[in-house]
Structures are given as C-alpha cells and as structure tokens.
Amino acid sequence: MPAYVEPAPIKDKDNPFESMMSRFDSAAKLLNLDEQTYKVLSAPTKQVTVSLPVKMDNGDVRVFEGHRVIHSNILGPSKGGIRYDMLVNIDEVKALAAWMTWKCAVVDIPYGGGKGGIKCDPTKMSEGEIERLTRAYTLAMLDVFGPDRDIPAPDMGTSGREMAWLMDEYSKAQGITVNAVVTGKPLVLGGSVGRIEATGRGVMVSAFAAMEKLKINPYQATCAVQGFGNVGSISAKLLHERGVKVVAISDISGGYYNEKGIDIEDALAYRDKNRTLAGYPNASTITNEQLLELEVDVLVPAAKEDVITDENAPRLRCKLIVEGANGPTNFTADPILQEKGILAVPDILANAGGVTVSYFEWVQNRMGYRWDLDQVNRQSDQIMKTAFDKVYAASQKYGCSMRIGAYVVAIDKVATTYKLRGVY
Ligand code: GLU
C-alpha cells in the first residue's frame, strides 16, 4: 500500500471543518503549497447567517437560523446544495462548502464551492411552512445567489420542490424568469434529464472503475449500501442492474440483509408504498452499524457524515468503499483503512456526478436548450471516469490514498488558477 501521509493534528475530531482541513493539510504538504496560497484556500470567502421569521400553520411565528457559506469563487460562481436538517450548524456548512470547492475542481467544472443550510426538521413541518421558510431564505439571500454568483441545488432534506420555490422567489425579485439561479429543478422549470439519478450514477461509475483496479469481477461482487434516499437507492439500483449482488440496504428504520441479493426494484416499490423500508419482507433485519461491518466487496455509505470512524474501522470487512454521502468517513478512520488495505473512493470524487449534471442543467438553461438523456449520461460518465483516472494517478504519483490524491488534484487546480488570476 502507498505510504500514509500523517494529517496535521486537529483540535476537535467531531468538527467537520477541522476534519476537512486535516485532509487539506496532508495534500497541501505533498504539493508544497506556499503559505500565502494555503491561507487563502483555507479561509471561506463569505459566510452569511440569517434569522428567518416564518408564520407557522397554528399562527405562531418561529424564527429559523439559515446559513450560506461561499468557500471559494476562484474557479467560477460558487455551487452547492441547501440542507434542511436539525443538525445544521455553521461548522458543518463551512465543511460542506469547502468539499464543494474540491469536488467541482476534481471533476473540472468551472465552479467554486458553496453550501447552505437551515436548522429545521422538515418532516415535522407542513408543505406550506416549508414553502414560506424557503421563500424567506431566498429573499434573505438575494444578494448572495445569482447565476453568475452562487447557484444552489438540493441536498439532504430538500428536492426539486424547494428549488422551484427558490427559483420563483428569486425570479419575482428580479422581474424576469432566472432559471439558471438554481439546479435540481423539476423538468418543466428547466431541470435536466438525468439530474435526479446523477449522483447515484456517478457512484456506480466510480465503483466500476475501482473494481477494475482491484480486479474484482462485478458479476461476482457483493455490495452493501447504507442509506436508501436519492443517492443510496439509485446507486443500489444501478449496481444491481449491472450484475453486482446488493446483499444489504438500509434507511432510518434499520438495515435489511439477504445473502442471495436484494431485488432493488422490489425494495424501491416497497419503500415508495410505505415511505420507509420498515417491515421489508424479503430480507432479514440488521442494524445500520452491522451493515457497515458486513463482509462484502463494496461498501457504499450513502447516508450521512462520520459513520466510519476509528471506532468501527478496525471491524470493517469490505475491500472497497465508494462514498455516496458527503463526509461519511471521519479523518480518524483514514490510517486504519490504509493499514487494512481498503480502497476508499472519496466523496469529493465518488458523489460528484450530481454537481456535474447540475453544471449541465445550468449550461442548458443559459443556452435556452435541452439535451437528451443519452447526451447527459454519456458526458457525465466520461467526466467521472476521467476524474477517477486523474485521482488514481495522483495517488500513485504521490504514494498516498485516493482521498488525499483527490485533494491534491483539486487544490493544485484551484491554487494554479488563483496564481494565474493574480494575487494582490
Ligand atoms: N448537494 C449535492 C452535493 O453535495 C449537489 C450540489 C449541486 O448540484 O450543486 O454534491
């Protein structure tokens, strides 16, 4: 295995921004990044926090806290989703925004990185309440958003529905329809075909590229997928369709295991009918934690951050991890995975299919034109494959993990652009 590059000591292992920075530091060291560029790239360009008063259905006014962080706009307008979740906080949004900078640079699209979030529990809010909250957030961020400034998209807890409200509120304020201000929109509003499946498709392409490197025959491979939301369910479906045996899936209700393989179409139909996988009949139940420790070829963590840590990493029995979620592996697990010889295809590469097709959506909006699914899939598959090869080559060249290799590719691109644009 390539040598492990010791990350710089960090202050708080549960702080996602510090966790991101420890990987950034390892890559910066390998690149011999000069101090000035290091300082510029590690400080988010802009952080906006707003209070959003919203009238609830019962007549009460509740004030929600919303954030938008622009980590970098060196490569172009910042790009990144908006998360609705009770755990949203500024450190998490900062880390997610930085990951977007590196993600866009890894797949070589002309965007910087940003991320937004509102601390709320959308599962406990009515549609009207979520709509008023989304519109209030958009109004508060009118100066931040813009097709040439900062372009939001869906993330955890949001979907095309929220993007439609955002596009409408922003457009009303401008007096014209500005569909390129947001991506992940419903198709009739200028969304792109293939956008909903794009992240899962990129996970599948990454998994196949990595299996080829590890000489794992996909037709004999087994896989466990944690999370059955958009990313997890589509990843599972596409892997299953291509002959990989998906033996375990999970959602908030728990894990479901069948050693003969789970029919993902059947599980999707069950989930669509029952809202969750709870009670899914064609598998035995396991916990989400047990799923991670199954003896499988491929593990796809596609649920949330920090599920693989120094605590459970020693018990992992997979050969390959393909990160569908953002930040599923805490930096404390990195050396353990390296030691165990588990190849991890990092989030900023593996789940970049989503933002890649967001880029296509934005391009189509600006051209006033539509591409067909074949064109979208062909071009995004090509971008993912090229990015995978570049990251793999960097990991070989620098003798580091693919994760640090991805940071090396990304930081090198952003740093070079920064220097060429001129420093003042
Ligand atoms: N939220 C997604 C991500 O984390 C998509 C971002 C986008 O399409 O801008 O990559």
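A compact table of results
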item: Separation of the Ala278 and Lys46 label points, Cα + 7 Å toward Cβ, nm; result: 4.3
item: DSSP H segments from the chain that extend 18 Å or more along their own axis, Cα-based, with Kyte-Doolittle mean of 0.5 or above; result: 90-106
item: Placed amide H near Cys318: partners under 5 Å, 5+ positions off or other chain; result: Val296
item: Size of charge dipole - the chain - debye, nearest 20, with Cβ of Lys, Arg +1 and Asp, Glu -1, no other charges; result: 880
item: Cβ crowding within 10 Å averaged over residues, with 116-122, 139-145 ranked highest first; result: 116-122, 139-145
item: Computed helical MRE - 222 nm, the chain, DSSP H runs ≥ 4 contributing -39500 (n - 2.57), nearest 500; result: -14000 deg cm²/dmol
item: Highest-fluctuation residue, Ile249, Ile176, Ile286 considered, GNM on the chain with Cα pairs under 10 Å; result: Ile176
item: Solvent-free Debye scattering, log10 I(q)/I(0), computed from the Cα coordinates of the stretch 329-424 at q = 0.17 Å⁻¹; result: -0.88
item: Ordering of 400-407, 129-136, 345-352 by burial proxy (mean other Cβ atoms within 10 Å per residue, highest first); result: 345-352, 400-407, 129-136
item: Spherically averaged projected area in nm², based on the convex hull that wraps the Cα atoms of the chain; result: 20.1
item: Cleavage-rule hits (chymotrypsin sites (Phe, Trp or Tyr not before Pro)) in the stretch 332-367: DSSP loop, at most 14 neighbouring Cβ within 10 angstrom; result: none
item: Footprinting exposure proxy for Glu35, Glu339 (fewest neighbouring C-beta atoms within 10 Å first); result: Glu35, Glu339
item: The chain, relative contact order in percent, only Cα pairs under 8 angstrom and at least six apart counted; result: 17
item: Net charge dipole size for the stretch 273-313 [Lys, Arg +1 and Asp, Glu -1 on Cβ; Debye, nearest 20]; result: 520
item: About the Cα centre, charge dipole magnitude for the stretch 201-359 (Lys/Arg +1, Asp/Glu -1 at Cβ), debye; result: 420
item: Debye equation applied to the C-alpha atoms of the stretch 254-319, log10 I(q)/I(0) at 0.25 Å⁻¹; result: -1.21
item: Net charge contributed by nearby residues that have their C-beta within less than 13 Å of Val193 (K/R +1, D/E -1); result: +1
item: Dipole axis of the stretch 164-239 (+1 Lys, Arg; -1 Asp, Glu on Cβ), positive-most option in Gly200, Tyr219, Gly190; result: Tyr219
item: Theoretical gain in end-to-end length, Lys172 to Glu339 [0.36 nm per residue, Cα-Cα removed]; result: 54.6 nm
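Where a number appears in this text, it was derived from the coordinates with a stated rule and is not lab data. Remember, it's a predicted structure, so these values are computed and weren't measured experimentally. Heads up, the Cβs are rebuilt from the backbone with ideal geometry, glycines too, and the neighbour counts pull from every protein chain shown.
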